[in-house]
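Asks: Before I ask anything, let me first share the structure, which is written out below as structure tokens.
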Amino acid sequence: MSDLIDDPQPGQNLPEFSVSEISGEIKRTLEGAFGRVRVKGEVGRVFRARSGHLYFDIKDDRNVLACTTWKGQAAALSVIPEEGMEVVVTGRLTAFGGQSKYNLNVDDVAIAGQGALMALLEKRKKQLAAEGLFAPERKKPLPYLPRIVGVVTSPSGAVIRDILHRLRDRFPRKVLIWPVAVQGANCAPEVARAIAGFNRLTPGGALPRPDLIIVARGGGSVEDLWGFNEEIVARAAAASDIPLISAVGHETDTTLIDYVADMRAPTPTAAAELAVPVRLELMAWADGMGARLSRATTAGLALRRQRLGDLSRALPRGDALLDAPRQRFDWLADRLPLALTHGVQRRRVALSEISGGLRPSALRALVMRRRDRLATLRLSLTPIRRDIAQGQERIARLSQRLDAAQLQRLDRLRRQLEATDRLRETLSYKATLDRGYAVVRAGDQVVTSARDAGQAAALEIEFRDGRILATPQAGAPETPPSAPRKAARPKRPPEQGSLF
């Protein structure tokens with residue numbers, strides 16, 4: 001039996017590892033065997049943690065590879081992975097013992113081919129078009145002659161020199177340059193911040209707000225221009241209150257900002273030409289307009305002078321215009337004394353005719369006729385006065401009868417009210433109080449039993465001449481409810497004395 005115990009079992013001579021040791025050994029083996037690798041696949045689930053770390057999956061038709069990009073690495077990515085995007089990722093294969101998982105620590109992401117880039121661009125284009133960002137009615141007109149031009153581009157490239165040179169040749173304007181990266185991972189966020197920054201400037205401030213923005217970059221491959229295809233740049237251009245010209249790449253290059261901008265220029269030089277007119281052409285046009293205005297003014301004055309001369313020749317002389325009125329005035333002046341004399345005579349004759357009809361006898365007869373008519377009218381008014389007097393007497397009698405009837409009615413109602421009040425006093429519970437009874441209340445409720453009185457905290461007892469407060473005695477036995485017995489009626493002495 002002891003021999004069986006001492007014999008070693010197969011496999012007991014293998015070394016023992018702790019969980020951490022075996023996890024660390026697997027991690028070292030995995031990192032040593034693969035090191036830095038490149039993996040091609042389709043982006044699956046994408047999750048950005050609040051800490052800034054980026055977690056996403058790379059998959060094919062059979063397997064899935066978990067990928068992790070730390071916060072510092074995510075800021076340097078040239079392409080941010082999106083779900084459905086076909087990419088080539090580069091990083092180191094490692095293991096995470098806390099969950100017994102392996103993943104790829106990605107520090108570089110690239111689009112897998114030109115076709116994938118175009119498919120992603122077409123997808124974003126359809127999304128922004130569905131939101132109305134490409135609608136022609138939302139595009140703003142460019143100012144004819146902006147005072148200040150804002151340029152978003154790289155300060156070290158040939159683009160800014162071409163724009164400044166072209167502006168200086170056509171019409172020198174004040175230019176504000178906002179330096180940005182025009183390719184790489186920092187391109188999209190810097191361009192979006194520059195457009196928003198120009199819009200936040202105060203018009204007429206220490207750093208004045210530009211009247212026009214030019215976003216410019218030279219030509220390049222699709223990957224070089226990809227920063228201007230990012231959604232953040234397109235939305236910043238759409239939200240700009242300042243008119244914006246897009247001049248990204250050459251004439252054949254097209255980016256999302258070209259569709260959102262208020263105007264697209266094929267080259268940065270063409271953007272400068274769209275921004276301002278040619279000063280010499282403008283001056284020549286102004287001189288031409290001035291010359292046309294002078295010629296039009298001179299011709300207008302000459303035409304009006306000729307018209308005035310023609311009208312003056314057609315007008316008669318001033319003396320000829322006054323001859324007829326002057327002759328008429330002299331004729332009327334000669335006739336005026338004779339007309340005054342005839343008028344006075346005619347009015348004197350009319351006055352004599354009227355005064356002849358006003359003799360004293362005629363006036364006296366007229367007065368007598370008026371007096372007789374007045375007496376007749378006075379006699380006709382006598383019956384009317386008599387009727388009025390009779391009506392007044394009748395109204396007085398009716399008024400006296402109405403007053404008497406009203407007084408009688410009020411007296412009868414007063415007697416009925418007094419009788420009703422005496423009946424109310426007779427039926428009131430206060431008449432019962434006068435016979436020695438009392439009313440017991442607990443608050444606003446009337447207490448009608450000993451049980452309710454024992455349960456009340458305080459009682460109010462009303463007598464004939466006032467009220468008092470009482471407190472029920474604690475522990476007092478409750479009287480069981482029973483049928484109330486009629487109080488014994490006191491014996492009254494017989495109305496007639498006994499004969500015995």
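Computed from the coordinates by the stated procedures, all read-outs in this text should not be read as laboratory data. These numbers come from a predicted model, not from an experiment. Reconstructed Cβ throughout: ideal geometry from the backbone, glycine too, with neighbour counts over all protein chains shown.
Asks: Between ASP61 and ALA362, with labels modelled 7 Å along Cα→Cβ, what's the label distance in nm to one decimal, could you check?
Replies: Simple spin-label model gives 14.2 nm for this pair.
Asks: How much length would be gained if the chain were fully extended between GLU460 and THR382, taking 0.36 nm per residue of separation minus their Cα-Cα distance, in nm to one decimal?
Replies: Values: separation 78, 0.36 × 78 = 28.08 nm, distance 8.34 nm.
The GLU460-THR382 span can extend by a further 19.7 nm.
Asks: Now for a different question. So in the chain, what percent of DSSP beta bridges are antiparallel if you round to the nearest 5? Mind showing how you got there, number by number?
Replies: On the way: 38 of 57 bridges.
So the antiparallel bridges in the chain amount to around 65 percent.
Asks: How long are the semi-axes of the equivalent ellipsoid of region 19-112, taking √(5λ) for every eigenvalue λ of the Cα gyration tensor, in whole Å from largest down? Don't jump to the answer; show the numbers that get you there.
Replies: Values: eigenvalues 101, 44, 32 Å².
Largest first, region 19-112 gives 22, 15, 13 Å.
Asks: Next question, about the same structure. The list (i) 41, 26, 24; (ii) 105, 87, 17; (iii) 44, 32, 17 gives values of semi-axes √(5λ) of the Cα gyration tensor in Å, and only one came from this structure; which label was calculated from it?
Replies: Of the labelled values, this structure produces (ii).
Asks: With θ set to phi - 60° and the Karplus curve 6.51 cos²θ - 1.76 cosθ + 1.60, what are the ³J(HN,Hα) couplings of region 34-45 in order, to the nearest whole Hz, using x for Gly and Pro?
Replies: Ordered by residue, 3J(HN,Hα) equals 9, x, 8, 9, 10, 10, 10, x, 9, 6, x, 5 Hz.
Asks: Could you give me the percent of Cα pairs per 10 Å distance bin for region 136-281, shortest bin first, beginning at zero and ending with the bin that holds the maximum distance?
Replies: Going from the shortest bin to the longest, the percentages are 13, 47, 34, 6, 0.
Asks: For region 226-288 and region 28-50, compute the distance between their C-alpha centroids and round to whole Å.
Replies: 41 Å
Asks: How much mean residue ellipticity at 222 nm does the chain get from its helices, if each DSSP H run of length 4 or more adds -39500 (n - 2.57) and you divide by all residues, to the nearest 500 deg cm²/dmol?
Replies: Numbers: 14 runs with 245 residues, N = 500.
The helix-only estimate for the chain comes to -16500 deg cm²/dmol at 222 nm.
Asks: Sticking with the crude label model, points 7 Å out along Cα→Cβ, report the distance from GLU418 to ASN186 in nm, one decimal please.
Replies: 11.4 nm
Asks: Under 5 Å between amide hydrogens, which residues at least 5 positions from PHE96 or on another chain qualify, with H placed 1.01 Å from N in the peptide plane?
Replies: Here the answer is LYS101, TYR102, ASN103, since their amide H atoms fall under 5 Å of that of PHE96.
Asks: Just going by the charge dipole of the chain, with Lys and Arg at +1 and Asp and Glu at -1 on Cβ, which of VAL37, ALA419, LEU104 is farthest out on the positive end?
Replies: Checked the options; the winner is ALA419.
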